[in-house]
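> Please see the structure below; I have some questions.
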Amino acid sequence: MDNREVAIKISNVKKQYRLGRIGGGTLQKDLQSWWAKKRGKEDPNVRIGQKERIKGTTFMALNGIDLTVYKGEALGIIGRNGAGKSTLLKLLSRVTAPSEGEIDIYGRITSMLEVGTGFNGEMTGRENIYLNGAILGMTKAEIDRKMEDIIDFSEVREFIDTPVKRYSSGMYVKLAFSVAAHLDSEIMIMDEVLAVGDMAFQKKCLDKMRDVATKDGRTVLYVSHNMNTIRQLCSRCIVLSEGKMIYNGDVEEAIRQYMDISVIDDYNIDYTSIPRLDWLNNTKIRTLNAEYVNKANTSFFTKEKAIVRIKWINEHDVNDVSLRIEFLDFTRKPIGTSIINDFYSGKEGQKGIVDVEIDLSMFITGKYTTNYVFFKTNHSGSSENYDCVHGLNFEIVDDSSFVWDEKSWGKLKMSTIKLLRVDSEE
């Protein structure tokens with residue numbers, strides 16, 4: 001019997017949404033579907049082979065979630081896009097209500113489901129702090145007591161009396177996170193809030209959330225695709241897949257199961273219908289396709305080279321474009337980067353193609369993934385990203401009998417040390 005205090009209790013929660021149009025198209029079909037549902041029968045108007053998650057004109061975003069979260073716990077929530085993570089957080093934040101089941105919450109909730117949720121663009125940063133506090137049920141005296149700490153942590157003191165509609169996305173998220181982290185709520189709900197902001201601030205946010213959970217005894221629910229932040233922050237983790245919870249427990253095991261369901265072994269990826277990241281709002285190049293030219297699979301021996309062909313179309317005139325290939329392990333932890341500088345210029349509407357050869361001899365046995373980033377380096381030395389996509393995966397298969405100890409020696413086998421001289425001293 002667990003004697004810890006319960007912060008959130010979720011019992012058989014389901015959330016159903018209606019798809020595009022409402023109804024079956026005719027009164028007869030609507031009555032058939034209603035009568036079948038009433039009798040617990042299969043809907044006669046559902047197409048053969050249609051996924052269980054889509055039933056007639058409805059979609060099961062969540063399908064029977066049972067979960068208990070305890071006070072002072074940092075719970076990670078991971079899963080592929082569309083797994084139901086954000087829907088679950090919206091239910092907990094009371095943005096929407098469950099279709100079935102019960103949710104019991106013991107304490108006040110602070111939620112950040114999107115950058116600056118609840119902010120009024122016409123109001124200043126200071127006024128929005130009062131607004132958010134009031135929404136959470138804080139008194140003016142309570143907010144006044146926290147005001148200086150919030151402003152200091154946010155790093156936007158010089159702009160605190162400026163309307164937030166003039167803030168950059170980074171300033172916006174800094175203030176929003178600072179408000180959420182400092183106000184006196186018992187439960188914090190965070191959905192990818194660290195995706196924006198510089199690295200130093202991201203580390204500061206992680207440290208703050210860790211302190212909130214361990215020292216202040218508050219409960220943190222954190223959704224992220226960054227497995228390193230999940231590792232650093234969370235004491236327990238759940239994995240969602242197609243609206244169901246498929247794992248609940250140890251963080252490392254949760255990450256392993258998430259990676260297993262996320263692996264895409266395609267040696268050819270079509271990007272034409274894949275949406276870009278929210279922060280990438282100025283695409284000047286649109287990646288169309290990436291494929292391995294010398295392989296019809298994603299497995300390589302350590303001595304092999306991978307030849308990648310990338311195709312794109314220019315959405316504007318571009319000059320001196322560079323390509324960055326980022327190598328990551330399957331927890332999305334960066335390992336290394338290769339860059340081709342200033343290799344391409346082209347006119348709007350023109351299509352481009354490039355073949356690149358990648359030496360894989362430094363990688364130890366295991367599975368890896370990549371990002372492809374088209375960018376332009378400005379005169380000041382800063383760079384502007386033109387497009388960024390999740391690239392091809394690859395697996396290194398070592399044909400030697402030597403077993404590499406990754407924990408002791410790392411993920412890369414560096415080039416052989418060059419012997420310059422050996423001698424004996426007299």
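> Please pick out the residue among Thr302, Thr298, Thr287 that is buried (at least 16 other Cβ atoms within 10 Å of the Cβ), touching a residue at least 60 places away in the same chain (Cβ under 8 Å) and more than 26 Å from Asp260 (Cβ to Cβ).
Thr287
> Something else now. Regarding Ile189, is this residue crowded, with 16+ Cβ neighbours inside 10 Å and part of a helix (DSSP H, G or I)?
no
> In addition: Pairs under 7 Å by beta carbon, first residue more than 20 Å from Asn289 (Cβ to Cβ) in the stretch 308-321, partner charged (D, E, K, R) and not in a loop (DSSP other than H, G, I, E, B), six or more apart or different chains?
Every condition considered, the pairs that remain are Asp320/Asp342; Asp320/Lys376.
> Of all residues in the stretch 139-170, how many are surrounded by 13 or more Cβ atoms within 10 Å (Cβ to Cβ), in a loop (DSSP other than H, G, I, E, B) and touching a Lys or Arg at 6+ places or on another chain (Cβ under 8 Å)?
Number of matching residues: 3.
> Return the residues of the stretch 204-257 that are touching a residue at least 40 places away in the same chain (Cβ under 8 Å) and farther than 28 Å from Gly64 by Cα; say none if nothing qualifies.
Within the stretch 204-257, Lys204, Lys208, Met209, Arg210, Thr214, Gly217, Asn228 meet the criteria.
> Select from the stretch 119-156 the residues that are at pLDDT 90 or above and touching a strand residue (DSSP E or B) at 6+ places or on another chain (Cβ under 7 Å) and list them in ascending order.
Listed by number, the residues that qualify are Glu122, Met123, Thr124.
> Gly381 fails exactly one of the following numbered conditions: (1) modelled with pLDDT under 90; (2) surrounded by 14 or more Cβ atoms within 10 Å (Cβ to Cβ). What is the number of that condition?
Gly381 satisfies all of (1) modelled with pLDDT under 90; (2) surrounded by 14 or more Cβ atoms within 10 Å (Cβ to Cβ) except (2).
> Something else: In the stretch 69-102, which residues are of a type outside the set (S, T, N, Q), more than 18 Å from Asn248 (Cα to Cα) and surrounded by fewer than 18 Cβ atoms within 10 Å (Cβ to Cβ)?
Matches in the stretch 69-102: Gly82, Arg94, Val95, Ala97, Glu100, Gly101, Glu102.
> Restricting the stretch 85-117 to residues that are free of Cβ contacts under 8 Å to residues at least 24 places away in the same chain and over 19 Å from the mean Cα position of the chain (by Cα), which is farthest from Gly72 (Cα to Cα)?
Ala97
> Let me ask you something else. Quick one: which of Ile417, Ile353 is over 23 Å from the mean Cα position of the chain (by Cα), in contact (Cβ under 8 Å) with a residue 12 or more places away in the chain, surrounded by fewer than 16 Cβ atoms within 10 Å (Cβ to Cβ) and outside the structural domain of Ile78 (by TED's automatic domain parsing)?
Criteria check complete, one pass: Ile353.
> Only one residue in Ser415, Ser382, Ser408, Ser424 is closer than 29 Å to Val293 by Cα and small (Gly, Ala, Ser), so which one is that?
Ser415
> Could I ask something else about it? Might you let me know whether the stretch 104-115 holds any residue that is surrounded by 15 or more Cβ atoms within 10 Å (Cβ to Cβ) and assigned to a helix (DSSP H, G or I)?
Within the stretch 104-115, not a single residue is surrounded by 15 or more Cβ atoms within 10 Å (Cβ to Cβ) and assigned to a helix (DSSP H, G or I).
The values are calculated or read from the model by the stated rules, or taken from the named source; none is laboratory data. Keep in mind that what you see is a predicted model, and the values were worked out from it rather than measured. All Cβ positions, glycine included, derive from the backbone under ideal geometry; neighbour counts span all protein chains shown.
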